[in-house]
Structure formats: C-alpha cells, structure tokens
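Below is one structure; the comments refer to it alone.
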Amino acid sequence: MNDGSDTLKDERFVHWLQRQIDDRGWSYSELGRRGGISQSMVSKVMNYAADPGLDFFTAISVAFNLPMETVLRQAGVLPQSQDQFVDEVSDIIKNLPLDDRRYLYEMAKTHYRHVRGVPAPPAAAPRAKHDPTAK
C-alpha cells in the first residue's frame, strides 16, 4: 500500500529540478545534452512517466555541476538534515582537493573565533634552523 510519500518525494524533486532548469534558462534538451541523457528521459521524469535512477541522478549532478549528495538529498534518496545549508556546504567541501578543504577549515575556524570572541591560540615559536656552515 502506497501512503503517498513516494509521490510527494517525486513532486519535490521535480519542482526542485524545474527551478534549477529555469534558473539557468535551459531547456530539457540542454539539460540532457549537458548531462549526457536524452531529452525524452528528462521529459518522462518531469512528467512522472519514469522514475529517475542512479544514471539520471548522476547526469543531473554532472549537468548542474553539483555534488551527487545534493542531488540525492533533493530526490529524497538521502535524508535531509535539519540544516540544508550545512548539508550543501559539506557536500561542496567534500568534493574539493584536500589543500582547499584545509584552507576553508582554517578560514572557518578563524571566523568562528572572531564571531564568538574566542582568542586564537598562541602562535608556535619559530624553530631554529640548523646552519651547517656555522661554527
């Protein structure tokens, strides 16, 4: 027995997808081209004539240049947290190179300390360099 929750998830996903398409000024054909799927498949999903699967979600992720987790959350495949903004930021950061993630982490820590009035830890004393030419 279907309690209607699948239909509700589908409607939310379709509405989200339509907003993404509209915000970019794209057609279904353009979305399909950029994601590597057919315009007819996009149409079928948008008209509830086909259920999107992993290949479709992957195509949407590629076309919109969004983390896969964002698409899967919008589709109701992954759970939403209480703070969707935090989910989206986390998804983006996970897909960055390690050095970029560290940089953003340090920036966020610095900003947090500033906002909360927490003093920064003392800087480490510079290490003395060994000079092999010194006598």
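The values are calculated or read from the model by the stated rules, or taken from the named source; none is laboratory data. Given the structure is predicted, the values throughout are model-derived calculations rather than measurements. Neighbour counts run over all protein chains shown; Cβ positions are idealised from the backbone, glycine included.
Looking only at residues in the stretch 41-63 that are charged (D, E, K, R) and at pLDDT 95 or above, the one that is farthest from the chain's Cα centre (by Cα) is Lys44. Looking only at the stretch 40-61, decide whether some residue is part of a helix (DSSP H, G or I), touching a Ser or Thr at 6+ places or on another chain (Cβ under 7 Å) and surrounded by 14 or more Cβ atoms within 10 Å (Cβ to Cβ). Looking for residues that are part of a helix (DSSP H, G or I), touching a Ser or Thr at 6+ places or on another chain (Cβ under 7 Å) and surrounded by 14 or more Cβ atoms within 10 Å (Cβ to Cβ), one finds none in the stretch 40-61, hence no. The requirement of being part of a helix (DSSP H, G or I), in contact (Cβ under 8 Å) with a residue 40 or more places away in the chain and not polar (S, T, N, Q) is fulfilled nowhere in the stretch 76-89; no residue meets it.
Scanning the stretch 64-86 for residues that are aliphatic (A, V, I, L, M) and over 20 Å from Ile21 (Cβ atoms), we see that the one that is modelled with the highest pLDDT is Leu78.
Looking only at the stretch 13-25, decide whether some residue is farther than 27 Å from Val89 by Cα, outside the structural domain of Val89 (by TED's automatic domain parsing) and either at pLDDT 95 or above or not in a helix (DSSP H, G or I) (or both). So far as the stretch 13-25 goes, no, none of its residues is farther than 27 Å from Val89 by Cα, outside the structural domain of Val89 (by TED's automatic domain parsing) and either at pLDDT 95 or above or not in a helix (DSSP H, G or I) (or both).
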